[in-house]
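Beneath this line is the structure, given in structure tokens, with notes to follow.
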Amino acid sequence: MNFEVQTLNNISKRGLKLLDENYTVADAVEAPDAILVRSAKMHDMDIPESVKFIGRAGAGVNNIPIDKCSELGIVVCNSPGANANAVKELVALGMLMSSRKVVDGVEWTKTLLSETGDVGAAVEKGKKAFVGPELYGKKMGVVGLGAIGVLVANMAVDFGMKVYGFDPYLSIEHAWGLSRKVKRSTSKEAIFKNCDYISLHIPFMEETKNFVDADILKETKKGLRLMNFARGGLVDDAAIKTALEDGTVAAYVLDFPNEETLKMPNVINIPHLGASTPESEENCAVMAVEELREYLENGNIVNSVNYPNCSMGVCNSVHRITVNHRNIPNMIGQITAVLAGHNINISDMTNKNRGEWAYTMIDVDSEVGDNVKEALKTIEGVTRVRVLK
């Protein structure tokens with residue numbers, strides 16, 4: 001079977017090389033089976049009915065209409081952790097810059113060209129204005145212990161910091177990678193009350209909007225240095241402005257500048273460089289392409305943001321049927337009843353759900369005609385049916 005893939009941005013060649021002769025890749029495709037995207041905005045895009053999969057070569061999916069895709073039975077996957085090391089390194093830079101006043105010092109040094117006299121003497125005289133504390137021995141709080149948060153926490157341990165982590169949804173996989181020296185915090189309030197440095201690594205959604213607000217900043221340890229390399233909406237601009245002005249927050253480093261943060265004192269605005277490394281772009285592309293192939297060729301879902309992750313490996317039966325559907329009662333009964341009505345024997349089956357949506361994979365020992373596929377599509381709540389192999 002041949003698949004057509006549309007690219008909406010420049011996708012790393014290292015990733016695209018994983019697509020063999022069964023794939024046609026172009027930036028303009030009339031009826032693509034899949035779309036690969038980085039930052040292109042898709043909310044106003046007319047998505048063809050042929051699209052079954054959208055792969056985001058990166059972590060954030062704010063540029064993709066997730067709800068619309070779910071309704072159309074389109075699986076959307078991202079690339080979590082592919083840019084983790086790049087972000088971790090930038091967090092380290094942010095911590096050092098905010099602490100040692102490096103940016104202010106560099107800007108001041110540029111002014112010495114307009115002065116007469118001994119530059120060396122001027123440097124020695126003026127450097128005292130840029131004194132800042134070391135990281136060693138300070139308390140570091142990491143909010144969100146996913147792929148990036150774990151690396152940041154472990155890095156802080158290596159810096160000789162006392163590290164505290166907060167993540168009520170910490171997975172077993174990420175817990176295995178966390179240094180045993182990272183202490184568990186039971187609340188975000190405890191992190192803000194006790195830590196000298198805090199780095200945010202949580203997703204932006206309605207529940208986390210303004211995660212750092214006026215209330216939490218009232219309880220914050222004075223002199224906090226806050227790192228935000230996750231998402232801009234996690235920090236309330238008005239609240240952080242007040243905290244910066246009264247000295248509660250000594251410095252705020254963010255990777256998502258806006259009109260307000262550019263006006264604030266003691267803010268280091270970085271132009272969204274978290275994943276801007278060639279290694280990160282390649283890693284994201286490779287992960288997105290591998291997810292694309294798993295879904296189109298085997299029906300397996302990996303790192304989806306709308307449908308549940310689900311895998312049955314490679315199909316060893318005559319056919320594999322996959323059904324994207326709403327998570328409602330008696331769906332499995334209706335699906336199996338259709339197959340039984342057409343004398344189709346099931347050799348293996350799995351069903352997973354994620355909130356409002358669910359996914360069923362069925363390996364069968366019989367040929368599956370178009371009439372079976374059409375019958376499955378008529379079940380209320382079914383959004384897409386595919387027959388593989």
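The values are calculated or read from the model by the stated rules, or taken from the named source; none is laboratory data. Keep in mind the model is a prediction, meaning the values are calculated, not measured. Counting neighbours? That spans all protein chains shown, and the Cβs are built from the backbone with ideal geometry, glycine included.
Okay, here's what the table says:
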| quantity | calculated |
| --- | --- |
| Contacts under 7 angstrom Cβ, first residue in the stretch 339-351 being among the hydroxyl-bearing types (Ser, Thr, Tyr), partner not in a strand (DSSP E or B), 6 or more apart | SER347/SER317; SER347/ASP365; THR350/MET312 |
| Pair list, Cβ under 8 Å, 6 or more apart: the stretch 271-296 residue touching a residue at least 60 places away in the same chain (Cβ under 8 Å), other residue acidic (Asp, Glu) and surrounded by 17 or more Cβ atoms within 10 Å (Cβ to Cβ) | LEU273/ASP255; GLY274/ASP255; ALA275/GLU281; LEU296/ASP33 |
| Residue in the stretch 340-362 that is in a helix (DSSP H, G or I) and surrounded by 15 or more Cβ atoms within 10 Å (Cβ to Cβ) present | no |
| Residues of the stretch 1-29 satisfying the condition of being in contact with a strand residue (DSSP E or B) (Cβ under 8 Å, 6 or more places away or on another chain) and part of a loop (DSSP other than H, G, I, E, B) | ASN2, LEU8, ASN9, ILE11, LEU19, ASN22, ASP27, ALA28, VAL29 |
| Residue ranges of helices (runs of 4 or more DSSP H) in the stretch 169-247 with at least 3 members over 25 Å from LYS101 (Cβ atoms) | 172-177, 188-194, 214-218 |
| Selection count, the stretch 315-333, where residues are over 18 Å from LYS389 (Cα atoms) and either among the polar types (S, T, N, Q) or assigned by TED's automatic domain parsing to the domain that holds CYS69 (or both) | 2 |
| Members of the stretch 1-10 found to be at pLDDT below 95 and either under 21 Å from the mean Cα position of the chain (by Cα) or surrounded by 13 or more Cβ atoms within 10 Å (Cβ to Cβ) (or both), listed by number | ASN9, ASN10 |
| Residue that is farthest from GLY299 (Cα to Cα) [pool: residues in the stretch 311-334 that are β-branched (Val, Ile, Thr) and free of Cβ contacts under 8 Å to residues at least 40 places away in the same chain] | ILE332 |
| Residues being of a type in the set (Ser, Thr, Tyr) and in contact with a Pro (Cβ under 7 Å, 6 or more places away or on another chain) - total across the stretch 45-77 | 1 |
